[in-house]
Amino acid sequence: GSDEETDTLIARYAILGVNARFAHEIAHQWWGNLVSWSSDLDSWLSESWAEYTSHLYMLKFDKKKAKEQFTGWINNTKEIKGRGTVVNGALLDFDEAGMVSTYLIYDKGPLVLHALRKEMGDQAFFTLYKKFPEACHKMKMKATTEDMIQFVNAITKKDYRPFFEKYIYGTEVPEVKE
């Protein structure tokens, strides 16, 4: 990417302080190391879950910065609305797409995870949060978006495919509050 894009990436974490960045990188011990992804189309699982984990941490330790992080997700997601899907975010040529790739994976992805949490409820969502990486690790499998959909469906006993079709495979943006 360009120097301008690199500066933007640095600025997005600098404004939140180092705690958000550290929380994101530590979360990669689960989302990225414990659970790897099957293809570039599934790489959003690692980055979006790590970013959402960072947000959960910030909610506990710096609510003001957590609100700024969440507001950033909403604003950046609105900025790139309709310009790509979360699953194809990693496939976009960063130089041509500018920040679109980053905004899809690091902003829309965690925003969709938050919407999923609101849809599922905390108990089911945090069961997913804990059991999905454990199951992937135990079965020595590289996670796919399809695996996650099946896991969500099994936990909730509902069909969440339409949710994923709209927000992860599609360009729609969920209306969600913090």
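The values are calculated or read from the model by the stated rules, or taken from the named source; none is laboratory data. Nothing here was measured: the structure is a model prediction, and the numbers come from that model. Because the Cβ atoms are built from the backbone with ideal geometry, glycine has one as well, and the counts that use them run over all protein chains shown. In case anyone asks, the SASA skips ligands and DNA or RNA and just uses the protein heavy atoms, side chains included. Shrake-Rupley method; radii C 1.70, N 1.55, O 1.52, S 1.80 Å.
Based on this model, can you work out whether Glu165 counts as open to solvent by 10 Å² or more (accessible area, probe 1.4 Å), more than 15 Å from Leu41 (Cα to Cα), more than 13 Å from the chain's Cα centre (by Cα) and not basic (Lys, Arg)? Full working, then the answer.
Numbers: open to solvent by 10 Å² or more (accessible area, probe 1.4 Å): yes; more than 15 Å from Leu41 (Cα to Cα): no; more than 13 Å from the chain's Cα centre (by Cα): yes; not basic (Lys, Arg): yes.
The answer is no for Glu165.
From the list Thr85, Thr77, which residue is part of a loop (DSSP other than H, G, I, E, B), modelled with pLDDT under 95 and surrounded by 17 or more Cβ atoms within 10 Å (Cβ to Cβ)? It would help to see each step written out before you state the result.
On the way: Thr77 fails: part of a loop (DSSP other than H, G, I, E, B).
From the options Thr85, Thr77, the qualifying one is Thr85.
Among the residues of region 37-45, are any part of a loop (DSSP other than H, G, I, E, B) and surrounded by 14 or more Cβ atoms within 10 Å (Cβ to Cβ)? Don't jump to the end; show me each part of the working.
Initial filter on region 37-45 (part of a loop (DSSP other than H, G, I, E, B)): 38-39, 43.
Subsequent filtering for residues that are surrounded by 14 or more Cβ atoms within 10 Å (Cβ to Cβ) retains 38, 43.
Checked against the condition, which is being part of a loop (DSSP other than H, G, I, E, B) and surrounded by 14 or more Cβ atoms within 10 Å (Cβ to Cβ), region 37-45 yields at least one hit.
Answer yes if at least one residue in region 104-116 is open to solvent by 10 Å² or more (accessible area, probe 1.4 Å) and at positive phi, and no otherwise.
no
Specify which of the listed residues (Met120, Met99, Met139) is over 18 Å from Ser43 (Cα atoms) and surrounded by 19 or more Cβ atoms within 10 Å (Cβ to Cβ).
Within the list Met120, Met99, Met139, the selection yields Met120.
For Phe132, work out the one condition from (1) more than 18 Å from His28 (Cα to Cα); (2) touching an Asp or Glu at 6+ places or on another chain (Cβ under 9 Å); (3) assigned to a helix (DSSP H, G or I) it doesn't fulfil.
(1)
Based on what the data block shows, is Lys60 more than 15 Å from the chain's Cα centre (by Cα), over 18 Å from Lys166 (Cα atoms), open to solvent by 30 Å² or more (accessible area, probe 1.4 Å) and at pLDDT 90 or above?
Judged against the criteria, Lys60 is a match.
Right, Lys158: part of a loop (DSSP other than H, G, I, E, B), open to solvent by 40 Å² or more (accessible area, probe 1.4 Å) and of a type in the set (Lys, Arg) or not? Let's see the steps before the verdict.
Details: part of a loop (DSSP other than H, G, I, E, B): yes; open to solvent by 40 Å² or more (accessible area, probe 1.4 Å): yes; of a type in the set (Lys, Arg): yes.
Spelling it out, Lys158 is indeed part of a loop (DSSP other than H, G, I, E, B), open to solvent by 40 Å² or more (accessible area, probe 1.4 Å) and of a type in the set (Lys, Arg).
Kindly establish whether Lys166 is of a type in the set (Lys, Arg), at pLDDT below 95 and assigned to a helix (DSSP H, G or I).
Considered against the rule, which asks whether it is of a type in the set (Lys, Arg), at pLDDT below 95 and assigned to a helix (DSSP H, G or I), Lys166 comes out as no.
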